[in-house]
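Student: Before I ask anything, here is the structure I am working with.
The values are calculated or read from the model by the stated rules, or taken from the named source; none is laboratory data. The model shown is predicted, which means the values in this text are computed figures rather than measured ones. Note that each Cβ is placed from the backbone with ideal geometry, even for glycine, and that neighbours are counted across all protein chains shown.
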Amino acid sequence: MAPVFSSYLLLIAQLLHAAVAGPIEQHVLNSAQAPKGPDIIHEYALSISTLMYLDLTPIRLRRAEIIPTVIDAFTPKFSMNLTWPSANVSTSLGNTLEPGDMQHVPDIIVYDATPSALKPVKSMQYTVILTDPDAPSRDNPEWSEMCHWIATGYPGQPKWTEHVHYKPPGPPPKTGKHRYVFLLLAPANGTTEELHLQKPADRKHWGFEHERDGVRKWAQGQGLVVVGELAFVAWSRLTWGVVGRKRW
């Protein structure tokens, strides 16, 4: 049986068990207790929805050529929600956002995908980055990748510590659609100690020498691995007029 369907069947079985026998013991990364009473139904429904989203993520990333252009194949362990409160907008995988709505540092919430958790994980310091693999354009990525942001923090805190200041997405006119990629990175060795990251020497190519050099090479040097991802599309209204809403 395929792993994805096995996961869903397991969650359904756990939900039925909980409805009859009450809460069951589970491993929750943020040490939260399993939900009780009616809350458990809501929690498991969210768990199933999150697992379905994470199972589809690699497929959509390949379709958008983010895998393997920006990152290697990986198994998503967390989902992210990024919002720009001043503009009342948020991002989800593959949606289209107005560059003007993203001029300020976004708020970040990270969710654990394990059943019944779905709460910010606080035990480890994580890194969030924003990169543009289409600089100055997807047809001519000679500046790619362009580093737009590096920040570290704990998922329970919406504001994270900047290591490279946030550079808002701003696709130049006549350069077409740009894929902006947020990545959630975690220490490969699982340490819970404070991270001491080395800043890229430059935003262009993330300080490396060649076209398409970027976050993958930088993360490897910092001992970080990808555990979550969001990507969206933006382009200059001076070129395209009305911003479309087609998702990947």
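Student: Could you tell me how many of the residues in region 182-211 are more than 17 Å from TRP160 (Cβ to Cβ), of a type in the set (A, V, I, L, M, F, W, C) and touching a residue at least 60 places away in the same chain (Cβ under 8 Å)?
Tutor: Count: 1.
Student: Go through (1) in contact with a strand residue (DSSP E or B) (Cβ under 8 Å, 6 or more places away or on another chain); (2) assigned to a loop (DSSP other than H, G, I, E, B); (3) at pLDDT 90 or above for LYS119 and report which single condition fails.
Tutor: For LYS119, the exception is condition (3).
Let's see how each residue does on (1) part of a loop (DSSP other than H, G, I, E, B); (2) surrounded by fewer than 19 Cβ atoms within 10 Å (Cβ to Cβ); (3) over 15 Å from the mean Cα position of the chain (by Cα):
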{"residue": "ASP72", "(1), (2), (3)": "yes, yes, no"}
{"residue": "PRO76", "(1), (2), (3)": "yes, no, no"}
{"residue": "ASN81", "(1), (2), (3)": "no, yes, no"}
{"residue": "SER90", "(1), (2), (3)": "no, yes, no"}
{"residue": "ASP101", "(1), (2), (3)": "no, yes, yes"}
{"residue": "HIS104", "(1), (2), (3)": "yes, yes, yes"}
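Student: Does PRO68 satisfy the condition of being part of a helix (DSSP H, G or I), more than 21 Å from GLU162 (Cα to Cα) and modelled with pLDDT of 80 or more?
Tutor: yes
Student: Looking only at region 48-61, decide whether some residue is at pLDDT 80 or above, over 13 Å from the mean Cα position of the chain (by Cα) and in a loop (DSSP other than H, G, I, E, B).
Tutor: Within region 48-61 (the criterion being at pLDDT 80 or above, over 13 Å from the mean Cα position of the chain (by Cα) and in a loop (DSSP other than H, G, I, E, B)), the answer is no, since none of the residues qualifies.
Student: Filtering region 184-202 down to residues that are out of contact with any helix residue (DSSP H, G or I) (no Cβ under 6 Å at 6 or more places or on another chain) and crowded, with 19+ Cβ neighbours inside 10 Å, which residue is farthest from MET80 (Cα to Cα)? Let's see the steps before the verdict.
Tutor: Of the residues in region 184-202, the ones out of contact with any helix residue (DSSP H, G or I) (no Cβ under 6 Å at 6 or more places or on another chain) are 184, 186-196, 198-199, 202.
When the remaining residues are screened for being crowded, with 19+ Cβ neighbours inside 10 Å, the result is 184, 186, 195.
Values: LEU184: 8, ALA186: 13, LEU195: 20 Å.
Residue satisfying both the conditions and the ranking: LEU195.
Student: Looking at GLY207, GLY176, GLY153, GLY221, can you tell me which residue is more than 16 Å from the chain's Cα centre (by Cα), among the small types (Gly, Ala, Ser) and closer than 21 Å to SER92 by Cα?
Tutor: Going through GLY207, GLY176, GLY153, GLY221 in turn, just one is more than 16 Å from the chain's Cα centre (by Cα), among the small types (Gly, Ala, Ser) and closer than 21 Å to SER92 by Cα: GLY176.
Student: Let me ask something else about it. Could you tell me which numbered condition ARG212 fails, if it satisfies all but one of (1) within 14 Å of VAL70 (Cβ to Cβ); (2) buried (at least 17 other Cβ atoms within 10 Å of the Cβ)?
Tutor: Evaluating ARG212 over (1) within 14 Å of VAL70 (Cβ to Cβ); (2) buried (at least 17 other Cβ atoms within 10 Å of the Cβ) leaves (2) as the failure.
Student: Filter region 155-172 down to the residues that are among the polar types (S, T, N, Q) and touching a helix residue (DSSP H, G or I) at 6+ places or on another chain (Cβ under 7 Å) and list them by number.
Tutor: Selection gives nothing.
Student: Now for a different question. In region 169-178, how many residues are out of contact with any Ser or Thr (no Cβ under 9 Å at 6 or more places or on another chain) and either surrounded by fewer than 17 Cβ atoms within 10 Å (Cβ to Cβ) or not in a loop (DSSP other than H, G, I, E, B) (or both)?
Tutor: Applying the first criterion (out of contact with any Ser or Thr (no Cβ under 9 Å at 6 or more places or on another chain)) to region 169-178 yields 169.
This time we only want the ones that are either surrounded by fewer than 17 Cβ atoms within 10 Å (Cβ to Cβ) or not in a loop (DSSP other than H, G, I, E, B) (or both), so: none.
Here the count works out to 0.
Student: Which one of TRP149, TRP143 is in a loop (DSSP other than H, G, I, E, B) and among the hydrophobic types (A, V, I, L, M, F, W, C)?
Tutor: After applying the criteria, what remains is TRP143.
Student: Would region 181-193 turn up any residue that is polar (S, T, N, Q) and farther than 24 Å from THR75 by Cα? Spell out how you get there, then give the answer.
Tutor: From region 181-193, those polar (S, T, N, Q) are 189, 191-192; that's our starting set.
Right, trim to farther than 24 Å from THR75 by Cα and you get none.
Checked against the condition, which is being polar (S, T, N, Q) and farther than 24 Å from THR75 by Cα, region 181-193 yields no hits at all.
Student: Can I ask one more? Give the residue, chosen from THR127, THR152, THR131, THR175, that is among the hydroxyl-bearing types (Ser, Thr, Tyr), within 22 Å of ARG203 (Cα to Cα) and in contact with a helix residue (DSSP H, G or I) (Cβ under 7 Å, 6 or more places away or on another chain).
Tutor: One residue alone meets the criteria, THR131.
Student: On to the next question. Tell me which residues, restricted to region 146-159, are more than 15 Å from LYS199 (Cβ to Cβ) and crowded, with 18+ Cβ neighbours inside 10 Å.
Tutor: Listed by number, the residues that qualify are GLY153, PRO155.
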